[in-house]
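Q: The structure is given below, and queries will be raised subsequently.
The values are calculated or read from the model by the stated rules, or taken from the named source; none is laboratory data. Since we're looking at a predicted model, the values are computed, not measured. For neighbour counting, all protein chains shown are included, and Cβ atoms are generated from backbone atoms with ideal geometry for every residue, glycine included. These accessible areas exclude ligands, DNA and RNA; they are computed on the full protein's heavy atoms, side chains included. Shrake-Rupley method; radii C 1.70, N 1.55, O 1.52, S 1.80 Å.
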Amino acid sequence: MEECSTGALVPAVKPEPKPSSIEASADPGSNDVDCPANEKGLTEVDKDLLCPICMQLVKDAFLTACGHSFCYMCIITHLRNKSDCPCCAQFLSTNQLFPNFLLDKLLKKASARQISKSASPVEHFRQALQQGCEVSIKELDTLLTLLAEKKRKMEQEEAERNMQILLDFLNCLRKQKVEELNEVQTHLQFIKEDIGAVERRRMDLYRARDRYSVKLRMLGGDDSISGARKSWPSSIDNNTSSLSGRAGMSSWNLQSKKLDGWGLQKKDALSASDSQYMTQSGLAVARKKRVHAQFDELQECYLQKRRQMANQPYIQQERDKNVIQREGYTRGLADFQSVLTTLTRYSRMRVIAELRHGDLFHPANIVSSIEFDRDYELFATAGVSRCIKVFDFSSVVNDPADVHCPVVEMPTRSKLSCLSWNKFTKNHIASTDYEGIVTVWDVNTRQSVMEYEEHEKRAWSVDFSCTEPTRLVSGSDDCKVKVWCTRQETSVLDIDMKANICCVKYNPGSSNCIAVCFFHYQYWDLRNPSQPLHVFTGHKKAVSYVKFLSNYELASASTDSTLRLWNVKENIPVRTFKGHTNEKNFVGLTVNGEYIACGSETNEVFVYHKEISKPVTWHRFGSPDLDDTDDDAGSYFISAVCWKSDSPTMLTANSQGTIKVLVLAA
């Protein structure tokens, strides 16, 4: 497939083989062949009745010319391959085999004795009756009575056991249902308390709105209008009584004109108000639909937060000092309200700008990385076109031009895989390429500041520290994670991971902690590089990206078509996100305070809320050059995504080289 439609594949990393549990548990002494059941009861003399070949009781005994006895089938099978006796090695042929009738008789007796030893009393009694044992009628009646009593006793015991099993099941079921009932009652109590708190809060908001409305009317000079309204009825009454006079008629006409004018103004005001009300009503209905669409997820989110913070009162923040105190508002309810608000606020993504990354001379236009600078004023793109392009974000969004030119272009020797802006020095940006070179660039001078060539294979990822401006970390296909300092020409730390590194990221709150991903992801403290702090497992295939939402929340993406949210502080998985398709390519991952976004191999961008496992919304890239029915249209995929800080705006790019600025919309 052409390079323009396929990007770099996620390395197929595999964990080191573990020793087989079967091999580990193998015991040399446990390989003994089980002794036959009928052999265990044999004495030393009885062992002479065993066939020397199969070591079982001889069956259809045949005697050889040299005096040894074997099973007929055993000795015949042996003589097909060899012409000697298995015991003494003398020459032997099938003509020298004779039936051993005496041994057969002895074997039958031995078998009968063995059966007699293992037979039950009932079997002995049955055999005695079959052999004609004399039993009187009285003895038979006694035996029948005993058997009937034994039968009733066994039936009684069986019935008691069945009743006990049924009782245990019912008790277990009752316990489970009581626990569920208690849980439901607890949930109902939470809901009841929260309904009361929300109703009180809503009434407070209504009263506050009425007070603000009164103040606005007073400030807007509505007193004169209300005074006119009071005078109009009296004027009308007076003029009605003097309709016969000309002066009265003119006065009435004058008042009628005033009334008509006021009526038109009132009608226009009401129309605008109605229009605004209809718009708000439509938005409310749309948000309710979003709630119902995610109802099960929201229910679980609400109950989880309510249980976690059931006894924690809502702490009013400093910025909320002027807001009415929320009586009975728990922290869990407040957190859930925040989730509900952010989740239902948006339902789609709208394109506000679009540009092409490549040109006619570079058909390979896959954008492998797209990143904002420190102040979110510039953004840089890089990919297989061997060039870093820096664009001014405001110009791209505000300029309606079809072609947007970059403000800076920096050509490179090799295809690029990743970019990372310095969080302190605005004009510094780092890149990694397919030759394993890590480069720090100065955007102002368009020149490289430092070049590190220690990686032996393709480098996939680089990241500047958020707390230490001179530190950056990189990962490569040579299975090495290297920490660099922009003041030194060599790496300051080297960690061997034993697997291809797909992504490395600094914790935003520490220059000592990094997340590294390959077939799973590990959390490392660089002060102790001998072993990771935590190893997070759960993805079924290679992990391609990791991104920190906060100092303790981290999102990971994998080619098993899932995203996962982890708590690195408590070392636990939080949630799994499903909806997009990602089985082989790097499709991008980006996070902000509330949302996680990623690409898909269906040429779509998916947005998830961090509290909900299903997508909030998604946007499909259209191809301006290809028909939707074109066979090549389905081969494109999203290759890079990046949020603009915590805003609803996002940069996205696909393997065709199309870059879109998307914004979440209602």
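Q: Could you go through the stretch 341-349 in sequence order and give the Karplus-derived ³J(HN,Hα) for each residue, using 6.51 cos²θ - 1.76 cosθ + 1.60 with θ = phi - 60°, rounded to whole Hz, and x for Gly and Pro?
A: 5, 5, 5, 8, 5, 10, 9, 7, 10
Q: Also: With θ set to phi - 60°, apply the Karplus curve 6.51 cos²θ - 1.76 cosθ + 1.60 along the stretch 370-380 and write out the HN-Hα couplings as whole Hz, x wherever there is a Gly or Pro.
A: 9, 9, 8, 7, 4, 9, 6, 9, 10, 9, 10
Q: Counting only protein heavy atoms and using a 1.4 Å probe, what share of the accessible area of the stretch 478-548 belongs to carbon plus sulfur, as a whole percent? Could the numbers behind the result be given before it?
A: On the way: 1240 of 2890 Å².
Carbon and sulfur together cover 43 percent of it.
Q: Right, something else. Here is the link list: 389/423; 415/505; 108/153; 289/569; 192/288. Which ones come out longer than 29 Å on Cα distance?
A: On the way: 389/423 19 Å; 415/505 21 Å; 108/153 39 Å; 289/569 36 Å; 192/288 20 Å.
Violating the 29 Å Cα-Cα cut-off are 108/153; 289/569.
Q: Taking all protein chains as present, what is the carbon and sulfur share of the accessible area of the stretch 368-469, in % to the nearest whole number, probe 1.4 Å?
A: On the way: 1930 of 4250 Å².
Its accessible area is 45 percent carbon and sulfur atoms.
Q: Next question. Using the heavy atoms of the protein chains alone and a 1.4 angstrom probe, what is the accessible area of the stretch 519-572 per residue in square angstrom? Walk me through the numbers on the way to the answer.
A: On the way: 2340 Å² over 54 residues.
Counting only protein heavy atoms, the per-residue value for the stretch 519-572 is 43 Å².
Q: Dipole of the stretch 539-664 (Lys/Arg Cβ +1, Asp/Glu Cβ -1, origin at the Cα centre): which of 636, 589, 565 lies farthest to the positive side?
A: Most positive-ward Cα: 565.
Q: Now, a different point. Amide H neighbours of residue 84 under 5 Å, at least 5 residues apart or on other chains, H built in the peptide plane: list them.
A: For residue 84, whose amide H was placed from the backbone, the distant partners under 5 Å are 92.
Q: Shifting gears a bit: What nm value, rounded to one decimal, do you get for the distance between residue 115 and residue 283 when each label is placed 7 Å out toward the C-beta?
A: Between residue 115 and residue 283, the simple spin-label model gives 9.3 nm.
Q: Ignoring ligands, DNA and RNA, please state the percent of accessible area on the stretch 39-186 from carbon and sulfur, probe 1.4 Å. Don't skip to the answer; put the middle values down first.
A: Details: 6810 of 11530 Å².
Using a 1.4 Å probe with all protein chains present, the stretch 39-186 comes out at 59 percent carbon and sulfur.
Q: What is the distance in Å between the Cα centres of the stretch 104-131 and the stretch 585-611?
A: Result: 78 Å between the Cα centres.
Q: Same structure, new question: Can you run phi through the Karplus equation (6.51, -1.76, 1.60; θ = phi - 60°) for the stretch 406-418 and list ³J(HN,Hα) in whole Hz, with x for Gly and Pro?
A: x, 7, 9, 10, 10, x, 10, 7, 9, 5, 9, 10, 7
Q: Related question: Compare 138, 47 by solvent-accessible area with a 1.4 Å probe and give them largest first, with all protein chains kept in place. Walk me through the intermediate numbers first.
A: Values: 138 160, 47 85 Å².
Ranked from most to least accessible, the order is 138, 47.
Q: Given 0.36 nm per residue, what is the gain on full extension from residue 386 to residue 90 after removing their alpha carbon distance, in nm?
A: On the way: separation 296, 0.36 × 296 = 106.56 nm, distance 8.50 nm.
Answer, rounded to one decimal: 98.1 nm.
Q: Related question: Multiply the residue separation of residue 65 and residue 510 by 0.36 nm, subtract the distance between their alpha-carbon atoms, and state the gained length in nm to one decimal. The partial results should precede the final answer.
A: Values: separation 445, 0.36 × 445 = 160.20 nm, distance 9.10 nm.
Working it through step by step, the gained length comes to 151.1 nm.
Q: Which residue, 86, 162, 136, has the largest displacement toward the positive end of the dipole of the stretch 76-165 when charges sit on each Cβ (Lys, Arg +1; Asp, Glu -1)?
A: 86
Q: Can you give me the accessible area per residue for the stretch 85-221, using a 1.4 Å probe, in Å²? Could you put the intermediate results ahead of the total?
A: Details: 11530 Å² over 137 residues.
The answer is 84 Å² per residue.
Q: At residue 82 and residue 308, where each label point lies 7 Å from the Cα along Cα→Cβ, what is the point-to-point distance in nanometres?
A: Distance between the two pseudo-spin positions: 7.5 nm.
Q: May I pose another question? For a quick check: with amide H placed at 1.01 Å from N, whose amide H comes under 5 Å from residue 549's, ignoring anything fewer than 5 positions away on the same chain?
A: The answer is 554, 555.
Q: Would you mind computing, in nm to one decimal, how far apart the modelled labels at residue 494 and residue 178 are, each placed 7 Å from Cα along Cα→Cβ?
A: 6.6
Q: Is the shape of the stretch 529-630 best called rounded, prolate or oblate, per the rule: a/c under 1.5 gives rounded, else a/b larger than b/c gives prolate, else oblate, with a ≥ b ≥ c the square roots of the Cα gyration tensor eigenvalues?
A: prolate
Q: Equivalent-ellipsoid semi-axes (√(5λ), Cα gyration tensor) for the stretch 78-120, whole Å, largest first? Numbers along the way, then the final one.
A: Values: eigenvalues 216, 28, 13 Å².
So the three semi-axes of the stretch 78-120 are 33, 12, 8 Å.
Q: I would also like to ask the following. Enumerate the residues in the stretch 83-124 having an amide nitrogen under 19 Å from the point lying 7 Å beyond the Cα of residue 140 toward its Cβ.
A: Zone members listed by number: 122-124.
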